[in-house]
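Below is one structure, written out as structure tokens, with a few remarks after it.
Nothing in this text is a laboratory measurement; each read-out follows from the coordinates by a stated rule. Please read these numbers as outputs of a predicted model, since none were measured by experiment. In this analysis, Cβ positions are derived from the backbone assuming ideal geometry, glycine residues included, and neighbour counts consider all displayed protein chains.
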There are 2 protein chains.
Amino acid sequence: MVDTQRSAERSEERLRDAERTRAELLEVATEVFSEQGYSGARVDEIAERTRTTKRMIYYYFGGKEGLYLAVLEAAYRRIREAEQELHADHLAPVDAVRRIAELTFDHHHDHPGFIRLVSVENIHNGQHLKKVESLRDLGTPAASLLDDVLARGRASGELRGDVDAVDVHMLISSYCVFQVANAATFGFLFGRDMLTPDVRERHRRILGDIVVGWLTAH
Amino acid sequence: MVDTQRSAERSEERLRDAERTRAELLEVATEVFSEQGYSGARVDEIAERTRTTKRMIYYYFGGKEGLYLAVLEAAYRRIREAEQELHADHLAPVDAVRRIAELTFDHHHDHPGFIRLVSVENIHNGQHLKKVESLRDLGTPAASLLDDVLARGRASGELRGDVDAVDVHMLISSYCVFQVANAATFGFLFGRDMLTPDVRERHRRILGDIVVGWLTAH
DNA sequence: TGGCTAATGTACGAAACGGTACATACAATG
DNA sequence: CATTGTATGTACCGTTTCGTACATTAGCCA
């Protein structure tokens, strides 16, 4: 018992640690898949970037696709957790929607790897995502949070009542995803680097203005 | 001379036709690259889907990357042509911006292959696009068209004057690109198929409302 | 402490894949 | 209608890439 505890405490010194190996593979794989796409990612490259070997990918995840599925699931799960920390019930409706928009904006900018992963998955028509049953209806929390705010705003007359929460969420997502996912091509064609702090700050404010403007229109 | 003309006229009957072969390869390659991504696309598959052979890909385009570059250039060139047919100078400013938004929306929905190609290119950080010098500043026409409308609206007082044309274009692009590029994941997570006619029609109207609302806000 | 299992490493195989050498046939041209 | 270069087809090569058979070791537990 004492021995077990001690080895758990100094687990970082152990040569063999299933959890650690698994987590490291997942972390590196997330990076490689988001950088190179599913087909572009190389199993050997992922293995080389860890302190373990390719063999472990097959041992823990069954293969390339299994690893990719695990990456997808972990990434989406992290997003869900972030969304649940997004409290807006103490703010006035108008401030709440702006807050949600701006925090979503920040979250996207701070997690480009996840956005790229979503792009990759869409190239493949979401065929892998559909296999992960645990992710079905993952969007519900985000929609219901917005739904609450909209209901409060409708009741107080501060927000218009004929707009659906999912529509609002889609507007916000569109804008935020585009910033990150299409930064390369848009930047090239219009000579605008969307990732510099000042441009980012302006876009952030603009998004808030657009969302608030839309929801408060008479 | 007469012979030359005749063989040009019935070019579709010729066994050897450089232009036809080239065009067919380009067409099939556009489809395959947009469906599978750059790394996912197989040179052999592209060749098999045409009436010619893999050899011709190397003869006309030098290789897989050359073919992809040609696909990118052709696709963007088609977009530019479509944009140039977008006349809005005979409309009142408010109607003009709504028109631009809605036509852009339709264009995106009608050319999903192009949108997917842009996603693919962004996964690779636009590294190929940057190689096609002829595409530099391709965005300028779209921005200046909007710029004209905004100037007219500013002069007449119908549109606010503190908004940049590129910002408006980015809002419209974000919304339209998202509809097509992220249809799979968003549809799965929120149970909404964005490609059905009625949903599409509602989104179209919403986009117009948002853009007009933003630009006419006091 | 000795054995047993989970965890890991090595080395290799088969198929896929991008690319090319070489042969050949069509069609414009003089 | 012979010639010549463009266009096309075939067969193949070397490498990459996913995956696996087999050997081995670390650490837990009786």
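With 21 Å as the limit, write out which pairs from A:K54/B:K64; A:K131/B:K64; B:K54/B:K130; A:K64/A:K130 have Cα-Cα distances beyond it, or answer none. Walk me through the intermediate numbers first.
Numbers: A:K54/B:K64 28 Å; A:K131/B:K64 31 Å; B:K54/B:K130 26 Å; A:K64/A:K130 17 Å.
From A:K54/B:K64; A:K131/B:K64; B:K54/B:K130; A:K64/A:K130, over 21 Å: A:K54/B:K64; A:K131/B:K64; B:K54/B:K130.
Taking loop as defined by DSSP and a crowding limit of 16 other beta carbons within 10 Å, which GluC sites (Glu not before Pro) in the range A:120-218 fit?
On the way: sites: A:E121, A:E133, A:E158, A:E201; in loops: A:E158.
Listed in order of number, the matching sites are A:E158.
How many partner chain Cβ atoms sit within 10 Å of a residue's Cβ in peptide B:165-177, on average, as a whole number?
On the way: counts 1, 4, 5, 1, 3, 10, 8, 0, 7, 12, 6, 2, 7.
If you average over the peptide's residues, the count of other-chain Cβ atoms is 5.
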Using alpha carbon centers only, the range B:107-129 is separated from the range B:36-55 by a whole-angstrom value of 19 Å
Integer Hz, Karplus 6.51/-1.76/1.60 couplings in order for the range A:54-71, x for Gly and Pro: 4, 3, 5, 4, 6, 5, 8, 10, x, x, 4, 5, x, 5, 5, 4, 4, 4
In Å, the Kirkwood hydrodynamic radius from C-alpha pairs for the range B:154-217 sits at 13.2 Å
Taking Cα atoms only, helix B:140-156 is inclined relative to the longest principal axis of chain B by an angle, in degrees rounded to 10, of 20 degrees
Cα atoms only: what Rg and Dmax, in Å, come out for chain A? 20.9, 69
Step through the residues of the range A:99-116 one at a time and calculate ³J(HN,Hα) from phi using the Karplus curve (6.51 cos²θ - 1.76 cosθ + 1.60, θ = phi - 60°), rounding each to whole Hz and writing x for Gly and Pro. 4, 4, 4, 6, 5, 4, 4, 4, 4, 5, 5, 7, 10, x, x, 5, 4, 5
How much length would be gained if the chain were fully extended between A:A217 and A:E133, taking 0.36 nm per residue of separation minus their Cα-Cα distance, in nm to one decimal? 26.3 nm
Residue by residue through the range A:131-136, what is 3J(HN,Hα) from phi via Karplus (6.51 cos²θ - 1.76 cosθ + 1.60, θ = phi - 60°)? Round to whole Hz and write x for glycine and proline. 6, 8, 4, 5, 9, 4
Teacher prompt: A:E31 distances to equivalent labels in other copies, 7 Å Cα→Cβ, nm: 4.0
Output the Cα-based Rg and Dmax of the protein assembly as shown in Å, rounding Rg to one decimal and Dmax to a whole number. 24.7, 99
So, with +1 on the Cβ of K and R and -1 on the Cβ of D and E, and no other charges, what is the size of the charge dipole of the protein assembly as shown about its Cα centre, to the nearest 20 debye? 940 debye
